[in-house]
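Take a look at the structure set out below.
The values are calculated or read from the model by the stated rules, or taken from the named source; none is laboratory data. Nothing here was measured: the structure is a model prediction, and the numbers come from that model. Please note: Cβ atoms are built from the backbone with ideal geometry, for glycine as well, and neighbour counts cover all protein chains shown. Heads up: the accessible areas ignore ligands, DNA and RNA and are worked out on the full protein's heavy atoms, side chains in. Shrake-Rupley method; radii C 1.70, N 1.55, O 1.52, S 1.80 Å.
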Protein chains: 2
Amino acid sequence: MQMNTESFLNYIDEHITLSEDEKTFLLTKLNFRKYQKGQYVVQQGDVCRYENFVVSGCLKTFFVDNEGDEHVIMFSVENWWSADLSSFFTQTPADYNVLCLENTEVIQIGFEEIEELYINIPKLERFFRILFQNSIVAFEKRLVRNLSMTAKDRYLYFKKRYPQIEQRVPQYAIASYIGVTKEFLSKIKSQLILEQ
Amino acid sequence: MQMNTESFLNYIDEHITLSEDEKTFLLTKLNFRKYQKGQYVVQQGDVCRYENFVVSGCLKTFFVDNEGDEHVIMFSVENWWSADLSSFFTQTPADYNVLCLENTEVIQIGFEEIEELYINIPKLERFFRILFQNSIVAFEKRLVRNLSMTAKDRYLYFKKRYPQIEQRVPQYAIASYIGVTKEFLSKIKSQLILEQ
DNA sequence: AAATGATATTAATATAGATTAACTTCAAGC
DNA sequence: GCTTGAAGTTAATCTATATTAATATCATTT
């Protein structure tokens with residue numbers, strides 16, 4: 001059930017140029033997998049075995065705290081990655097869950113495979129270096145938004161920045177992502193309607 | 001005024017092994033610089049020209065919002081890095097400031113130099129890939145702490161995790177780092193004293 | 001040693017956002 | 001077509017934290 005790898009190779013092409021041989025080798029190290037809505041790609045407590053590239057669908061990465069409250073770390077739609085990186089890098093139990101909000105097709109790279117890939121295609125070190133660079137910048141900016149903006153402004157930013165995600169995921173998950181309760185997000189939205 | 005490069009090379013040694021030739025080449029691409037307490041390594045609005053490795057001293061990376069309020073993104077002491085990464089990677093004006101809280105010695109890698117280094121010593125791609133990996137994990141964890149812990153618990157975590165920093169930087173900067181006002185941090189501390 | 005300015009504390013009041021609880025909507029299953 | 005349960009809304013009350021303002025501390029400069 002080999003799914004379409006074109007989007008994945010195009011995505012890699014944006015940062016590095018691979019030869020045909022390298023592409024072929026890379027493809028042999030990938031796992032193609034389809035999940036149904038509601039299935040877990042990673043579960044808190046399990047070791048995260050793969051970095052997951054989303055071909056289609058939508059994933060929610062979240063953390064459940066001691067009080068049982070859920071905290072959304074990120075959403076991953078087409079051409080995004082998802083994993084519990086701490087668990088993956090150290091192969092220790094995950095703190096986070098990755099859940100399918102829709103039927104989702106992913107391309108997975110396993111822990112052993114990624115090391116093999118780094119060795120055989122050193123350009124991939126560059127690729128992931130750049131990927132991780134961009135990811136740090138995104139996290140840094142999100143931190144600053146959380147520290148300096150009100151909940152309302154964080155919501156407006158989210159809507160503007162990720163209009164496609166806003167339509168696809170439950171509102172309570174967006175509330176958690178921006179760091180408020182679902183009730184307060186409802187209040188923000190009704191205020192926004194009054195303001196227009 | 002070539003400063004001691006030993007700590008820097010040891011630090012790199014933790015993740016990759018460089019030949020003597022590679023080390024020599026690397027050293028030719030570095031800038032050694034001393035700043036006085038109160039000087040800026042990066043200023044909001046300027047392009048961030050360097051990634052800065054702290055040999056000695058202490059840096060504060062922060063953002064000043066439209067209301068003039070300061071938000072501390074990170075502190076960097078010995079063997080840490082500091083930069084406005086978004087500005088550095090894209091060579092566009094910085095959103096953040098990096099200020100010396102103490103007299104500080106840094107090793108700087110310039111934007112052109114880092115690219116040369118990546119080309120001539122591909123192992124450095126691996127080095128920074130690993131560095132950035134770890135950095136993402138740290139940011140992710142900080143995000144989760146900000147979303148799921150109370151201010152008091154964030155303060156206790158900070159004290160426990162960075163006891164050396166707690167002693168060296170002003171309390172109002174710690175307050176900002178954990179995401180509260182300095183007045184509220186004072187309250188937290190006086191509560192903690194009562195509790196013992 | 002007095003003056004200055006940055007840092008820190010304390011207390012009173014205000015507010016953004018949480019909590020609780022009741023109610024609504026709507027899709028999915030029986 | 002009724003039932004169920006998840007998702008979303010609304011409103012009342014509560015609380016963690018912000019704001020404001022006054023005071024205290026302490027290192028640095030004059």
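Note on segment A:93-142: residues that are open to solvent by less than 20 Å² (accessible area, probe 1.4 Å) and polar (S, T, N, Q) amount to 4. Whenever a residue of segment A:116-131 is over 15 Å from B:ILE121 (Cα atoms), its partners that are open to solvent by less than 30 Å² (accessible area, probe 1.4 Å) and β-branched (Val, Ile, Thr), lying with C-beta atoms within less than 6 angstrom and at least six residues away or across chains, give the pairs A:PHE127/A:ILE16.
Here's the yes/no breakdown for (1) away from every other protein chain (no Cβ under 12 Å); (2) away from DNA strand C (no atom under 11 Å from the Cβ); (3) within 23 Å of A:MET149 (Cα to Cα); (4) over 15 Å from the mean Cα position of the chain (by Cα):
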residue	(1), (2), (3), (4)
B:TYR118	no, yes, no, yes
B:PHE127	no, yes, no, yes
B:ILE130	no, yes, no, yes
B:ASN134	no, yes, no, no
B:PHE139	no, yes, yes, no
B:GLN167	yes, no, no, yes
B:PRO170	yes, no, no, yes
B:GLN196	yes, yes, no, yes
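Among the residues here, A:GLU166 does not qualify as of a type in the set (D, E, K, R), open to solvent by less than 50 Å² (accessible area, probe 1.4 Å) and in contact with a Pro (Cβ under 8 Å, 6 or more places away or on another chain). So, B:ASN146, is that one within 12 Å of DNA strand C (Cβ to nearest atom) and part of a helix (DSSP H, G or I) or not? It is true that B:ASN146 is within 12 Å of DNA strand C (Cβ to nearest atom) and part of a helix (DSSP H, G or I). Of the numbered criteria (1) assigned to a helix (DSSP H, G or I); (2) within 9 Å of DNA strand C (Cβ to nearest atom); (3) within 14 Å of chain B (Cβ to nearest Cβ), the one A:LYS152 fails is (3). Determine, yes or no, whether A:ILE174 is within 15 Å of DNA strand D (Cβ to nearest atom) and either within 14 Å of chain B (Cβ to nearest Cβ) or assigned to a helix (DSSP H, G or I) (or both). Taking the combined requirement at face value, the residue satisfies it. For segment B:187-196, a tally of residues being open to solvent by 70 Å² or more (accessible area, probe 1.4 Å) and either of a type in the set (Ser, Thr, Tyr) or assigned to a helix (DSSP H, G or I) (or both) returns 5. Annotation: of all residues in segment B:172-186 being more than 20 Å from B:GLY57 (Cβ to Cβ) and under 18 Å from the mean Cα position of the chain (by Cα), the one that is nearest to DNA strand C (Cβ to nearest atom) is B:ALA175. Number of residues in segment B:93-109 that are hydrophobic (A, V, I, L, M, F, W, C) and either within 21 Å of B:ILE178 (Cβ to Cβ) or in a loop (DSSP other than H, G, I, E, B) (or both): the value is 4.
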